[in-house]
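Novice: One structure, pasted below without further comment.
The values are calculated or read from the model by the stated rules, or taken from the named source; none is laboratory data. The shown structure was predicted, so the numbers you read here are calculated from the model rather than taken from an experiment. Don't worry about glycine lacking a Cβ; one is built from the backbone with ideal geometry, like all the others, and counts go over all protein chains shown. Only protein heavy atoms, including side chains, enter the accessible area calculation; ligands, DNA and RNA are left aside. Shrake-Rupley method; radii C 1.70, N 1.55, O 1.52, S 1.80 Å.
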Amino acid sequence: MRSRDKTIPPSDGPEHKVEVRRSQRRHRTVTAYWDEDTLVVLIPARMTRAEEKHWVAEMQRKLLRTGPRRAAPPKASDEALLARCAVLSAKYLDGKAIPASVRWVPPMRTRWASCTPVDATIRVSDRLRRVPAWVLDYVLVHELAHLQEPGHNAAFWELVRRYPKTERAIGYLEGLSSAAGWGIAAED
């Protein structure tokens with residue numbers, strides 16, 4: 001559910017738009033990121049308008065304080081991974097796949113990442129910190145799609161293939177796994 005776009009003039013810079021997205025799955029956390037000149041704020045659906053106003057102002061202050069309107073590289077932290085997931089969900093999955101948490105974990109033996117749809121959590125293997133961003137994006141879209149379609153059925157792959165570099169990324173991961181002798185399947 002999206003609320004209306006707003007134009008907010010920051011105290012020390014040019015105007016920018018703010019888009020608030022409410023999620024039934026989000027219960028406590030508030031996340032924000034830049035999408036070009038728009039500040040996107042993700043909040044729980046149950047928040048009041050007053051709470052929304054408070055959190056939009058708080059996230060705006062926080063992001064303006066951090067400097068340029070550029071997202072942190074997703075490889076930098078769990079928070080950056082979560083923010084990247086929000087961008088990818090909005091772009092390829094109609095904003096419907098909202099994870100509760102996304103985190104880096106020690107190298108997995110048989111997977112690149114995993115998703116638990118019941119609690120909307122995603123875990124990403126540290127091995128992916130060294131892959132190109134477009135490959136990591138594929139893995140994140142793959143796991144985000146599991147929040148909508150738990151299995152690997154046709155509907156799931158239809159969602160995943162909205163990401164234009166899906167086949168290329170699968171090939172990259174298969175080659176990487178084979179060269180390193182890890183035996184990790186690119187398609188789960």
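Novice: What pairs can you find where one residue is in segment 164-187 and closer than 15 Å to Leu136 by Cβ and open to solvent by 50 Å² or more (accessible area, probe 1.4 Å), the other is assigned to a helix (DSSP H, G or I) and not small (Gly, Ala, Ser), and their Cβ atoms are less than 7 Å apart, with a gap of 6+ or different chains?
Specialist: As it stands, the answer is Lys165/Trp134; Lys165/Tyr138; Tyr172/Val135, since those pairs meet every condition given.
Novice: For Arg130, state whether it is open to solvent by 50 Å² or more (accessible area, probe 1.4 Å) and in contact (Cβ under 8 Å) with a residue 40 or more places away in the chain. Working first, answer last.
Specialist: Values: open to solvent by 50 Å² or more (accessible area, probe 1.4 Å): yes; in contact (Cβ under 8 Å) with a residue 40 or more places away in the chain: no.
The answer is no for Arg130.
Novice: Still on this structure: Consider only pairs whose beta carbons are under 8 Å apart and that are at least six residues apart or on different chains; among these, list those whose first residue lies in segment 134-148 and is within 15 Å of Thr121 (Cβ to Cβ) and whose second residue is of a type in the set (S, T, N, Q) and open to solvent by 10 Å² or more (accessible area, probe 1.4 Å).
Specialist: Pairs that qualify, where the first residue is within 15 Å of Thr121 (Cβ to Cβ) and the partner is of a type in the set (S, T, N, Q) and open to solvent by 10 Å² or more (accessible area, probe 1.4 Å), are Glu143/Ser114.
Novice: Just to verify a result, which residue in segment 85-116, among those that are of a type in the set (Ser, Thr, Tyr) and in a strand (DSSP E or B), is least open to solvent (accessible area, probe 1.4 Å)?
Specialist: Step one: list which residues in segment 85-116 are of a type in the set (Ser, Thr, Tyr), which gives 89, 92, 101, 110, 114, 116.
With in a strand (DSSP E or B) added as a condition, the list becomes 101, 114, 116.
On the way: Ser101: 42, Ser114: 13, Thr116: 50 Å².
That would be Ser114.
Novice: Taking segment 1-46, which residues are part of a loop (DSSP other than H, G, I, E, B), at pLDDT 60 or above and touching a helix residue (DSSP H, G or I) at 6+ places or on another chain (Cβ under 7 Å)?
Specialist: Selection gives Val30 alone.
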